[in-house]
Amino acid sequence: MVQSYESQYQHYLTRAEKALDRAVELYLPDESVVCQAARYSLLGGGKRVRAILVLATCDMLNGNMDAAEHFSAAVEMLHCYSLIHDDLPCMDNDDYRRGRLSCHKKFGETTATLAGDVLLTEAFEAIAQSGAEPKVCADAVKDLAAGGGSRGMIFGQELDIAWEEKTPGRAVLDTIHHYKTGALINAAVQMGASAAQADQESRRILEQYAYALGLVFQIVDDVLDVTATSETLGKPVGSDAENGKVTFATLYGADGAMQLAQQINEANCKRMEQYFDSNAAFLIQLARQLLDRKN
């Protein structure tokens, strides 16, 4: 029986949350204040998009879903570390995240910094302890390190900071968010492919999907920063303007930016359908849902 998108999404979300609960018990002992802070941020809500991408990609390719569960926890742990550090006063200086006090506001800057550090470190232990074949684990480690490190998210953050108070054009924004947002989304997709030991052509198409998805995700983020409320978003709005950042909403206006996002998304979905046929139905619908999100 073919599952509906909603039931399939809930299935993946349940598996992702179970994997996170297990990782918390294994790697974040409650007697540590630093780990308490990490738990607070990691389990404090969120869409779990990256975790779901790991699971959905692996499932589409008929891979090892038990390994993918561990990998999904790993990517969420690394993602959460980046959010904790992004919120720090030396970065975006945000007081709220996911409708609650940000980690440094709840636990102090030092503890929050260490909480991010421990999540980053333990993400790789989660992969190592997945029980997957050594090559599969090694590939997943490479996927996550490449997406989160000097050739991925960190480089994007560096570019983002370097262009504050400047006027980047479309090409520069594409480059910043290729790395800052797209690289970790690609890591999630590639980790799912690693759990399935996918061939290189499938990985190439999935990489195109992931980076397009990341760009659309960022464009929608930029629009929500100027159109949504803090209550809806669960974090401060208008922070891009306060930090002197030019965004897609700045360049194109909210309506123009959303039109651009829709064009990118439709081309992305068409490419996935042409290559993976109906097997890509969930990933295609996920892309369309993320385009229409309100938070």
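The values are calculated or read from the model by the stated rules, or taken from the named source; none is laboratory data. Since the structure is predicted, the reported quantities are computational estimates derived from the model, not experimental observations. Glycine also receives a Cβ, built like all others from the backbone with ideal geometry; neighbour counts cover every protein chain displayed. When the accessible area is computed, the model is the full protein with side chains, heavy atoms only, and any ligands, DNA or RNA have been set aside. Shrake-Rupley method; radii C 1.70, N 1.55, O 1.52, S 1.80 Å.
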Q. Which residue, Gly182, Gly156, Gly253, tops the fluctuation ranking in a GNM of the chain built on C-alpha contacts under 10 Å?
A. Gly253
Q. What percent do you get for the relative contact order of the chain when only Cα pairs under 8 Å and 6+ apart count?
A. 19
Q: Could you look at the chain and say what percent of its accessible area is carbon and sulfur, using a 1.4 Å probe and all protein chains?
A: 50
**Q.** Accessible area (Å², 1.4 Å probe, nearest 10) - Ser278
**A.** 90
**Q.** Once exposed loop GluC sites (Glu not before Pro) are cut out (DSSP; at most 15 other Cβ, 10 Å), longest piece of the chain
**A.** 32-163
Q: Determine the per residue accessible area of the range 146-291 with all protein chains present and a 1.4 angstrom probe, expressed in square angstrom.
A: 43
Q: Could you calculate the contour length gain from Asn93 to Thr227, that is, 0.36 nm times the residue separation minus the distance between their Cα atoms, to one decimal place in nm?
A: 46.2 nm
Q: Go ahead and set up a Gaussian network model of the chain, Cα springs under 10 Å, then flag whichever of Ala132, Ala73, Ala171 fluctuates most.
A: Ala171
Q: Only Lys, Arg, Asp and Glu count, each charged at its Cβ (+1, +1, -1, -1), so figure out the dipole size of the chain about its Cα centre, rounded to 20 debye.
A: 340
Q: Towards the positive end of the charge dipole of the range 213-275, with charges on Cβ (+1 Lys, Arg; -1 Asp, Glu), say which of Thr250, Thr232, Met272 has the farthest Cα.
A: Met272
Q: Pick out the long, greasy-scoring helices in the chain: whole DSSP H runs spanning 15 Å or more along their own axis by Cα, mean Kyte-Doolittle at least -0.5.
A: 49-60, 65-87, 109-128, 134-148, 183-195, 200-227, 248-276, 281-291
**Q.** Gyration tensor (alpha-carbon) shape descriptor, the range 63-178, a/c threshold 1.5
**A.** oblate
Q) With each run of n ≥ 4 DSSP H residues scored as -39500 (n - 2.57), what mean residue ellipticity at 222 nm is computed for the chain after dividing by its residue count and rounding to the nearest 500 deg cm²/dmol? A) -23500 deg cm²/dmol
Q: Let me know the charge dipole size of the range 1-104 about its Cα centre in debye, to the nearest 20, where only the beta-carbon of Lys, Arg (+1) and Asp, Glu (-1) is charged.
A: 180
Q: May I ask for log10 I(q)/I(0) of the range 1-146 at q = 0.13, 0.17, 0.19 Å⁻¹, from a Debye sum over the Cα atoms as equal point scatterers with solvent left out?
A: -0.57, -0.91, -1.08
Q) Can you list the residues, at least 5 places off or on another chain, whose amide H is less than 5 Å from the amide H of Arg97, using H built in the peptide plane? A) Ser102
